[in-house]
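Everything below concerns the one structure shown next.
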Amino acid sequence: QVHLVESGGGLVQPGGSLRLSCAASGSIFRIGAMGWYRQAPGTQRELVAVITRSEDTNYADAVKGRFTISRDNSIDTVYLQMNSLKPEDTAVYYCNAKYRFGRGNWWGQGTQVTVSS
């Protein structure tokens, strides 16, 4: 089993920055790609960014050029650096880890990000 714990959410003004962290524990060897998703009230959960074990990355169009995903495999942590935040970035952000050897994935509990003046 894999356990994911997010941190770093909060309230920030438009144009500001936040860095989210997601620490993985448990059966770390089972983890392949990791990513961040978000869900605003009344909407479906959507992909924000994903990073593979070899650190290839992919981003949603809405965050390209503003967000950066990275991972530190030595401490089993993935990060999301969010710059130039906009009110429409307000959502609960969830960390996700894909099962390395087939289908399946794990989710964190989510962390709230609110962008407001």
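Using each residue's phi in segment 92-101, evaluate 6.51 cos²θ - 1.76 cosθ + 1.60 at θ = phi - 60° and report the 3J(HN,Hα) Karplus result to the nearest Hz, with x for Gly and Pro.
8, 9, 10, 8, 9, 10, 8, 5, 5, 10
Provide the net charge surrounding Asn73, with neighbours chosen by a C-beta distance below 15 Å and charges set as Lys +1, Arg +1, Asp -1, Glu -1.
+1
Defining a contact as two alpha carbons under 8 Å apart and six or more residues distant in sequence, what relative contact order in percent does the chain show?
Contact order relative to length: 37 percent.
If DNA, RNA and ligands are ignored and the probe is 1.4 Å, what is the ranking of Ser21, Ser84, Ser117 by accessible area, most exposed first? Working shown, then result.
Values: Ser21 25, Ser84 65, Ser117 130 Å².
Output order, biggest surface exposure first: Ser117, Ser84, Ser21.
Calculate the dipole size of the chain relative to its Cα centre from +1 charges on Lys and Arg beta carbons and -1 charges on Asp and Glu beta carbons; express the result in debye to the nearest 20.
220
Keeping the other protein chains in place, figure out the carbon and sulfur percent of the accessible area of the chain, with a 1.4 Å probe. Walk me through the numbers on the way to the answer.
Numbers: 2940 of 6150 Å².
Solvent-exposed carbon and sulfur of the chain make up 48 percent of the total.
Net charge within 9 Å of Val113 by Cβ-Cβ distance, Lys/Arg positive one each and Asp/Glu negative one each, not counting Val113 itself?
So the surrounding residues net to 0.
Starting from the amide H of Asn58, placed 1.01 Å from N in the peptide plane, find each other amide H under 5 Å away whose residue is 5 or more places distant or on another chain.
Placed amide hydrogens put Val50 under 5 Å from Asn58.
Enumerate the whole-percent occupancy of each 5 Å bin, from 0 to the last occupied one, for all C-alpha pair distances of segment 2-44.
5, 14, 22, 21, 19, 10, 7, 2
The values are calculated or read from the model by the stated rules, or taken from the named source; none is laboratory data. What you see is a predicted model; the values in this text were computed from it and never measured. Neighbour counts are summed over all protein chains in view; Cβ atoms, including those assigned to glycine, are modelled from backbone coordinates with ideal geometry. These area figures cover heavy atoms from the full protein model, side chains too; ligands, DNA and RNA do not enter into them. Shrake-Rupley method; radii C 1.70, N 1.55, O 1.52, S 1.80 Å.
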